[in-house]
1. Just check region 157-237 against the gyration tensor rule for me: Cα atoms, a ≥ b ≥ c as the square roots of the eigenvalues, rounded for a/c under 1.5, and otherwise prolate or oblate depending on whether a/b exceeds b/c.
2. Taking the chain as a Gaussian network, where each spring joins two C-alpha atoms under 10 Å apart, which residue of Glu209, Glu164, Glu254 fluctuates the most?
3. Highest GNM mean-square fluctuation, the chain, Cα pairs closer than 10 Å: which of Glu246, Glu218, Glu118?
4. Pull out a ≥ b ≥ c, the square roots of the eigenvalues of the alpha-carbon gyration tensor of region 50-161, then state rounded if a/c is under 1.5, prolate if not and a/b is larger than b/c, and oblate in the remaining case.
5. Based solely on its DSSP helices, what 222 nm [θ] is calculated for the chain when runs of n ≥ 4 H residues each add -39,500 (n - 2.57) and the sum is averaged over all residues, nearest 500 deg cm²/dmol?
6. Rounded to the nearest Å, what's the spacing between the alpha carbon centres of region 142-203 and region 226-255? Just the number, please.
7. Let's test the formula: R0 of 35 Å, r as the Cβ-Cβ distance of Leu87 and Leu46. What FRET efficiency results, to the nearest 0.05?
8. Just to check, using Stokes-Einstein with a Kirkwood Rh over alpha carbon pairs, what's the diffusion coefficient of region 6-255 at 37 °C and 0.692 mPa s in µm²/s?
Amino acid sequence: MSRPIRIGVQLQPQHAPKYGLIRDAVRRAEDAGVDIVFNWDHFYPLSGDPVGAHFECWTMLAAFAEQTERVEIGALVTGGGYRNPELLADMARTVDHISDGRLILGIGAGWFRKDYEEYGYEFGTAGSRLKLLKESLPRLTARLKKLNPQPTREIPILIGGGGERKTLRLVAEYADIWHSFADLGSLRHKNQVLAEHAAAVGSDPSRIERSVPWPGAELAPAFIEQGVGLFTVGVSGPDYDFGQLEQAIRWRDEVNPEQVTGLA
């Protein structure tokens with residue numbers, strides 16, 4: 001392995017009628033030894049009651065930053081069409097400082113129509129949302145370099161998505177982490193496509209950490225062979241059951257003899 005295996009948890013901020021339930025889940029996650037605590041950037045639940053309890057992403061990340069000491073934090077992922085990219089850069093820089101350099105800036109093109117239409121954003125098409133993401137990334141990265149004070153580190157950028165012609169091109173150019181929902185067969189192919197895009201933009205594809213949802217201990221080694229270094233377990237409110245997460249952490253500790261933290 002070129003980098004240690006990491007386990008993330010996505011605390012899906014849905015169906016928790018009180019924020020205290022999420023605060024408690026963050027504490028339990030850090031105590032359990034997770035490497036990264038993610039949330040997501042939606043305005044409504046994605047499962048269960050479609051108008052159930054839900055909280056906003058980035059204000060929550062600031063709270064995560066104050067509450068935690070060790071884990072990295074971030075959105076899996078920020079909806080690229082919701083915020084002006086210069087503003088998003090300033091938000092990310094601020095949370096980076098609050099956390100003393102533990103933010104991962106996750107971003108994607110967005111896909112959930114209700115988020116857009118209920119909050120007054122143009123949903124458009126998959127193509128127009130990807131075009132907006134392509135336009136936003138250079139603005140975001142340029143603004144990060146202009147801010148005073150500067151971020152505490154070069155904030156890692158995570159890009160979510162698997163489109164081979166457009167999304168993977170952006171991954172090759174901008175991402176430190178690529179999050180994919182691809183199965184093993186598709187991931188092999190997409191890795192080849194990503195390598196081609198990286199060659200075209202003059203970047204090294206091996207520097208990009210591969211990230212997927214946790215597939216279980218039996219399948220995880222096969223994903224590692226395809227370069228995956230980050231596995232994330234998703235849990236939903238109101239209970240935030242960590243049974244599967246704890247299994248993934250125990251497996252990670254068998255793979256990694258020594259405990260690891262931070263982006264390798």
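The numbers here are math on the coordinates, done by the rules we state, and not lab data. If you're wondering where the values come from, they're calculated on a predicted model, not measured in any experiment. Positions of Cβ are backbone-derived with ideal geometry, glycine not excepted, and every protein chain shown enters the neighbour counts.
1. Details: a/c = 2.04, a/b = 1.60, b/c = 1.27.
Prolate shape, in that a/c is at least 1.5 and a/b is the bigger ratio.
2. Among Glu209, Glu164, Glu254, the largest mean-square fluctuation in the Gaussian network model of the chain belongs to Glu254.
3. Glu218
4. Details: a/c = 2.20, a/b = 1.33, b/c = 1.66.
Because a/c hits 1.5 or more and a/b fails to exceed b/c, region 50-161 counts as oblate.
5. Details: 9 runs with 111 residues, N = 264.
Value at 222 nm, helices only, nearest 500: -13000 deg cm²/dmol.
6. 23 Å
7. On the way: r = 25 Å, r/R0 = 0.70.
The pair Leu87/Leu46 has a calculated efficiency of 0.90.
8. On the way: Rh = 18.4 Å.
Result for D is 178 µm²/s.
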